[in-house]
Amino acid sequence: MTKSTSCSGVTFCVALILLSVAVPATALSATPQELFERAETLYRQLEVVDPSGQAPSWNRVADAFSDVAVRYPQSPLASEALWRVSWIYGRRGRAGDVNAKVLQLDVYRSLVQHYPDSPHAPEALLFLAVDAEDEDGTRAAQLYTRLLQTYPSTPQASLARNRMAQLPQADRVADTREVADLRPTTGSTTPTPIPEIPDPAPVAGEGTGGVTPPRSAPPAGIEPDFDNLARLTGVRHYSDRAHTRVVLDLDRPVLFETGAARGPERLFIDLQGVDEPFELAGAQISGLEQVIAVGGEAVSRVRVGLNRPGVVRVVVDLDAGSQHTLFTLDNDNEPFRIVVDVPTATVASKIKTDRRPPVAAGESISEQLGLGVRRVVIDPGHGGNDPGAIGRTGVTEKSLTLQLSQALASRLRAAGYEVLMTREDDSTVSLEERTEFANQVDADLFVSIHINSARNRKLRGFETYYLNLANDPTAAETAARENAPGGAGSMGDLDETLDLIVQNEFQGASGELAASIQDSLVMHVAKEYDDVHDLGVKTAPFFVLVGAKMPAVLVETSFVSNEQEEAWLKTGDYRSELAEALEIGLQSYVDKRKATVSSSR
């Protein structure tokens, strides 16, 4: 019997999720990262089958997140797990659970009291204050005052100031006494001021005024070597009708963390172990900053200043939205460079940010051990007696994927990666053999290259997948088409395959890799080609990804069923553009995680 991983009905999916939740987390996980990833997987699955929040199973998912904080209260993931619990109780409350609001407020109190340095603490404190307005205006004023004093530079502080002004005068009497039941149990809650460049530190979570979390964690516990600091030697820029490129030249490789904020929109890059730069070419001194005017449609200026001893902050002020790609270059005969590409508003509008499923937090086992990315396996889809999709002019998916994969392999090898391919010619390779090959050679990343096809010949664009159950009908249809020729029935029974999908430890990293590649494809191809469509990052049960022991994605690069994209795919120039975008997306993923990996060594 041919096996299938798609759910035959809501009842079956819910049963699968309940079975997964019922397994004690302690039997499956030993680290906070594993506990968190499992809870996040269950959250996403239940969200698909019960977005209303009515199923009692939501309480079990809340318990799974709570287990992270209970067992590992000192872990950085503890407060993040509690924040997820507050989401769940909020959803349950909106679905009619009368006890959920009380439980949600208890979670907020726990966040504020036990994790005052958490990026979610200001939001939790704001919720508590708003809730108190209905019953005790004086207490609400105390909570708002506490928020203004403790987190003065956050977006929540601005909201607190406005809401406090609307309270009755008798309640607004300044009362700075500590709110007893929210007294912190840890150290100082006041963030260290950074007067040189007044951009707020990135804040994670929803409801934070558009500020996004850092894309790379700082090297915790590593102090800069002040006797041997690196130096930022130059800031270069170039703009055209499609994008602006900003290049940071340094005299050696450095660790860095990045984040973004809105109002106004800006990207900041904190360079670790870097001395305050001398006067940069083209810069004007403004207070303690050096300001480089850019004047492109995408970027207005770049600001550079000392954030704290040993850390230089570079702020890129954006005009055309916060979409960007970031990657590094480190060739033998050239300086270390950090490259930021920011698309113009026209190109940025092509990126559908709402087509990004939530990515599981936490690190995979390999990242916990501090292993970097060295060996990449590229999988040219189909081949041999399996032609894949066929265009109206007769061009086959198997030939296009091989040509594109060879171009990508050449670029990655030139960049210093060891690259292996599941097939080098027009040979037949089963889906199971492709993943098995990647596992046998201990690949650090697995990228399966495909060309899309659809009954609707107007459909066009890119979509990138990582392993999970399908998150929309078209994803399920695409997975069914790609799975059909590969002998998927040999992969064991349905329960075993579903178990591999739901418990895949690399979902978080695979989701990040998929998003990085997808964004790069859209932004970089749109510079040279018109009418590029972003169909999003999606999840689906592709058998070629099942069992991969590394972050793994499947990329659908254009539609051979679309007349214009078929014509493009047949040209070397377009395939070269795709290969470059894929390389930049992969390199961007590696660079985003480099600081985290380095700090764990």
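The values are calculated or read from the model by the stated rules, or taken from the named source; none is laboratory data. Quantities reported herein were computed from a predicted structural model and do not represent experimental measurements. We place every Cβ from the backbone using ideal geometry, glycine too, and count neighbours over all the protein chains shown.
Screening PHE278 with (1) more than 29 Å from the chain's Cα centre (by Cα); (2) in the same structural domain as GLU334 (by TED's automatic domain parsing); (3) at pLDDT below 85 gives one miss only, at (3). Summed over the stretch 82-117, residues that are surrounded by fewer than 17 Cβ atoms within 10 Å (Cβ to Cβ) and modelled with pLDDT under 85 total 4.
Checked against (1) buried (at least 20 other Cβ atoms within 10 Å of the Cβ); (2) in a strand (DSSP E or B), VAL254 passes all but a single condition, namely (2). Listed by first and then second residue, the pairs with beta-carbon distance under 6 Å, at least 6 apart or on different chains, first residue in the stretch 522-542 and in the same structural domain as LYS458 (by TED's automatic domain parsing) and of a type in the set (Lys, Arg), second assigned to a strand (DSSP E or B) and surrounded by 21 or more Cβ atoms within 10 Å (Cβ to Cβ), are LYS527/HIS243; LYS538/GLU463; LYS538/TYR465. Among the residues making up the stretch 559-601, those that are among the small types (Gly, Ala, Ser), over 17 Å from the mean Cα position of the chain (by Cα) and at pLDDT 85 or above are SER561, ALA567, GLY572, SER576, ALA579, ALA581. Scanning the stretch 118-156 for residues that are in contact (Cβ under 8 Å) with a residue 40 or more places away in the chain and not in a helix (DSSP H, G or I), which turns out surrounded by the fewest Cβ atoms within 10 Å (Cβ to Cβ)? Filtering first and then ranking leaves SER153. Cβ separations smaller than 9 Å between residues 6+ apart or across chains give no pair from the stretch 424-444 residues that are not assigned by TED's automatic domain parsing to the domain that holds LYS398 to residues that are surrounded by 17 or more Cβ atoms within 10 Å (Cβ to Cβ) and of a type outside the set (Val, Ile, Thr). Candidates are the residues of the stretch 281-315 that are closer than 17 Å to THR233 by Cα, of a type in the set (A, V, I, L, M, F, W, C) and under 27 Å from the mean Cα position of the chain (by Cα); the one that is surrounded by the fewest Cβ atoms within 10 Å (Cβ to Cβ) is VAL311. Against the condition modelled with pLDDT under 70 and more than 21 Å from LEU232 (Cβ to Cβ), how does PRO357 come out, does it pass? Yes, satisfied.
State yes or no: is VAL544 among the β-branched types (Val, Ile, Thr), under 18 Å from the mean Cα position of the chain (by Cα) and under 25 Å from VAL419 (Cα atoms)? Judged against the criteria, VAL544 is not a match. Please determine whether any residue of the stretch 89-98 is under 21 Å from LEU147 (Cα atoms), in the same structural domain as PRO32 (by TED's automatic domain parsing) and basic (Lys, Arg). No, the conditions are met nowhere in the stretch 89-98. Taken over the stretch 515-532, the criterion of being over 9 Å from the mean Cα position of the chain (by Cα) and crowded, with 24+ Cβ neighbours inside 10 Å is satisfied by ILE517, GLN518, ASP519, SER520, LEU521, VAL522, MET523, HIS524, ALA526.
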